[in-house]
Amino acid sequence: MAHAAPAPGGRAGRTGPTGAPSATDTTTGARGLPDVFSARTHRVASVAVPIVLGLLYGYWAAANRRSGGEITGWNLLFGFVTAAAFTLLYIAVRWVASRTIREVHALLWFAFTGSAFGFLYSQADVTVLRAAIMGAVVGAGFFAVLFYRYYTHEDAQGHRIR
């Protein structure tokens with residue numbers, strides 16, 4: 001089969017009849033990939049995602065702690081405190097990890113995800129040793145996947161390969 005060769009400059013060089021960028025041109029990324037969300041949407045998501053994840057995590061921890069029993073004021077307080085702690089730690093890890101080399105970047109996410117999962121698991125009335133082992137296993141899985149991703153998408157200093 002014959003395929004048309006891409007034009008030099010890709011989609012970013014397309015213009016409309018007036019010489020202005022085409023209305024269908026959505027490529028603004030460095031790799032020429034479509035960027036379907038505006039900068040404002042990315043800013044909103046950078047604030048909303050940690051909050052939503054924190055609330056989900058807090059609810060999950062509170063639900064595990066009550067083991068199907070009734071919801072009490074202390075259980076609600078535990079859920080909101082857990083949500084706040086998770087959100088703050090998530091924001092801190094995201095901020096620090098993005099400024100480190102790929103090995104440390106993956107290691108920080110290993111520690112965060114392993115600890116977060118181990119804490120959730122410990123709320124289900126299991127031993128501390130079992131919760132620690134399960135947290136380490138889940139964290140190791142995250143480390144392997146993220147290290148591979150960072151190793152194949154970044155140089156040794158942590159800069160994205162273009």
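For the range 38-99, what's the radius of gyration and Dmax over Cα atoms, in angstrom?
14.1, 44
So what's the net charge close to Asp125: Lys and Arg +1, Asp and Glu -1, counting the other residues with Cβ under 12 Å from its Cβ?
That works out to +3.
Would you kindly state how much longer the chain becomes between Val36 and Arg130 on full extension, computed as 0.36 nm times their sequence separation minus their alpha carbon distance, in nm to one decimal?
Result for the pair: 29.5 nm of gain on full extension.
In the range 57-162, which GluC sites (Glu not before Pro) fall in coil by DSSP and have 15 or fewer other Cβ atoms within 10 Å?
Those that pass, being in a loop and sparsely packed, are Glu70.
Between the DSSP loop rule and a limit of at most 14 other Cβ atoms within 10 Å, which trypsin sites (Lys or Arg not before Pro) in the range 45-107 are left?
Values: sites: Arg65, Arg66, Arg94, Arg99, Arg102; in loops: Arg99.
For trypsin sites (Lys or Arg not before Pro) across the range 45-107 that sit outside H, G, I, E and B with at most 14 neighbouring Cβ atoms in 10 Å, the list reads Arg99.
Residue separation times 0.36 nm, minus the C-alpha to C-alpha distance between Phe80 and Val96: what's the value?
Fully extending the segment from Phe80 to Val96 adds 3.3 nm.
A short reminder: the numbers here are calculations on the coordinates, not readings from a lab. Being a predicted model, the structure only gives us computed values, none of them experimental. Positions of Cβ are generated from backbone atoms using ideal geometry, with glycine treated the same way; all protein chains shown enter the neighbour counts.
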